[in-house]
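Shown next, in C-alpha cells, is the structure this report addresses.
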Amino acid sequence: MQDYIEQRVIEVSKYILATRATVRQVARFFGVSKSTVHKDVTERLPRINQNLARQVKKVLEFNKAERHLRGGEATRRKFLELRQKSSVQNTS
C-alpha cells in the first residue's frame, strides 16, 4: 500500500473516532468518495491497525443503526421549510 493511502486511512479513522462522523461527512471533509472512505475503513484499516479498526467499526455500526432516524429528521426539516415558504408566499 502506498504511503499516502496509508496516511489517509489513519487520518480518516482518527477523524471518525474524534467526531463520530458518518461516511458521507468524512468523504465531504476529506474530498474523497464515500466508496473510498468505506474501503479505507473496512478493508485497508484492519491490515494497518486492528485495534483502531475495531473502534471505527463500532462508530460506523452505531451510525448505521441510527441512519433511519437521521433520514426521518431530514425529511421533517424539508417539509417544514416547504411549509414555511408556502406560508410566506401566501401572506405576500
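Restricted to the stretch 22-53, and to residues there that are free of Cβ contacts under 8 Å to residues at least 12 places away in the same chain and small (Gly, Ala, Ser), the residue that is farthest from Asn63 (Cα to Cα) is Gly31.
Give the stretch 12-27 a look and list any residue that's assigned to a helix (DSSP H, G or I) and either hydrophobic (A, V, I, L, M, F, W, C) or surrounded by 14 or more Cβ atoms within 10 Å (Cβ to Cβ) (or both), or say none.
If we filter the stretch 12-27 for residues that are assigned to a helix (DSSP H, G or I), which is where we start, we get 12-19, 23-27.
Of everything in the stretch 12-27, those that are assigned to a helix (DSSP H, G or I) and either hydrophobic (A, V, I, L, M, F, W, C) or surrounded by 14 or more Cβ atoms within 10 Å (Cβ to Cβ) (or both) turn out to be Val12, Ser13, Tyr15, Ile16, Leu17, Ala18, Val23, Gln25, Val26, Ala27.
Thr36 fulfils the conditions (1) out of contact with any helix residue (DSSP H, G or I) (no Cβ under 6 Å at 6 or more places or on another chain); (2) exposed (fewer than 14 other Cβ atoms within 10 Å of the Cβ); (3) not aliphatic (A, V, I, L, M) except for a single criterion, (2). Only one of the numbered conditions (1) modelled with pLDDT of 95 or more; (2) surrounded by 11 or more Cβ atoms within 10 Å (Cβ to Cβ); (3) not aromatic (Phe, Trp, Tyr) is not met by Asn63, and that is (1). Of everything in the stretch 52-66 that is more than 11 Å from Thr22 (Cα to Cα) and among the charged types (D, E, K, R), the residue that is farthest from the chain's Cα centre (by Cα) is Arg54.
The values are calculated or read from the model by the stated rules, or taken from the named source; none is laboratory data. A quick note: this is a predicted structure, and the numbers were derived from the prediction, not measured. Cβ atoms come from the backbone with ideal geometry, glycine included; neighbour counts cover every protein chain shown.
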